[in-house]
Structures are given as C-alpha cells and as structure tokens.
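One structure below.
Read-outs throughout are calculated quantities, based only on the coordinates presented, and are distinct from any laboratory measurement. These numbers come from a predicted model, not from an experiment.
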Amino acid sequence: MYYKFSGVTQKLTGSGPAAAYSPQGLRSGVPAEAPAMVFATPTKIASQAGSTLEYMGVNRVPELQRLFQKSDGIPIHLKRGVPDRLLYRTTMALTIGGALYCLVALYFAAQPNKK
C-alpha cells in the first residue's frame with residue numbers, strides 16, 4: 001500500500017502509486033522557469049535619471065573588506081573599535097548577569113516552603 005500526506009487532515013492517508021510518487025509541490029506540470037521580478041527595477045525611469053542611476057548610498061564594501069581582512073591580531077568582532085567593544089562587553093555582562101540570575105532563581109526554587 002502507498003501513502004501520501006493529506007493537506008486537509010494533516011495526516012498520512014492511503015493512495016495509489018502515482019499519487020504517492022509525485023508529492024505536493026513536485027508535480028511535473030509546474031513550469032520550471034521563475035516568474036518575472038516585480039521590484040527589480042530602479043525607482044526612476046532610465047530616461048529621467050540621465051547617464052547614471054542614483055541609488056541609496058556609497059558602496060563601502062571595499063573599505064570594509066580592507067578593514068576586516070587586515071591581519072593585526074584583533075578578533076573580527078572587535079575590528080571596528082569602540083562601538084564593537086561596547087557592544088561586546090554589554091553582551092558579556094548581560095550574559096553573565098542572566099546566568100547568575102538563573103542560578104539564584106534555581107537556588108530559591110530548591111529551598112523548601114516555610115509555613
């Protein structure tokens with residue numbers, strides 16, 4: 001006997017071999033090409049924008065690649081200076097504080113009730 005997943009009952013149901021070997025979403029009748037992109041165009045028409053299209057900002061990828069690929073012994077999560085150190089230390093303090101809070105809560109939960 002063959003089984004397939006029923007989308008209505010959310011359970012396995014008995015079926016024929018043809019239905020069991022072509023599960024939902026993998027039918028051969030589905031077209032293989034992707035649909036056309038709806039938002040793949042810039043916000044301005046090319047004739048209005050002139051020779052170059054204007055996007056949101058400056059490409060900072062080469063600058064950041066140079067910064068992060070420099071071998072100066074600093075860990076990658078601290079390469080950008082003071083903001084990274086502040087974020088790292090805050091995260092560590094919250095993590096240690098949360099762990100201590102959990103241990104204290106477990107200690108109080110383990111104590112017998114005093115009546």
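For this structure, a couple of remarks:
- Taking amide H as placed 1.01 Å from N in the peptide plane, residue 15 has its amide H under 5 Å from the amide H of 2, 3, 4, each at least 5 places away in sequence or on another chain.
- Convex hull projection area averaged over all views, region 61-115, Cα basis, nm²: 5.8
- ³J(HN,Hα) computed for each position of region 90-103 - Karplus, 6.51 cos²θ - 1.76 cosθ + 1.60, integer Hz, glycine/proline x: 5, 4, 5, 5, 5, 5, 5, x, x, 5, 5, 4, 5, 5
- Gain upon complete extension [residue 74, residue 114; 0.36 nm per residue less C-alpha separation]: 9.1 nm
- Karplus-derived 3J(HN,Hα), 6.51/-1.76/1.60, for each residue of region 76-84, Hz, glycine and proline x: 4, 7, 10, 5, 8, x, 4, x, 5
- Gain on full extension, evaluated as 0.36 nm per residue between residue 94 and residue 1 minus their Cα-Cα distance, stands at 27.9 nm.
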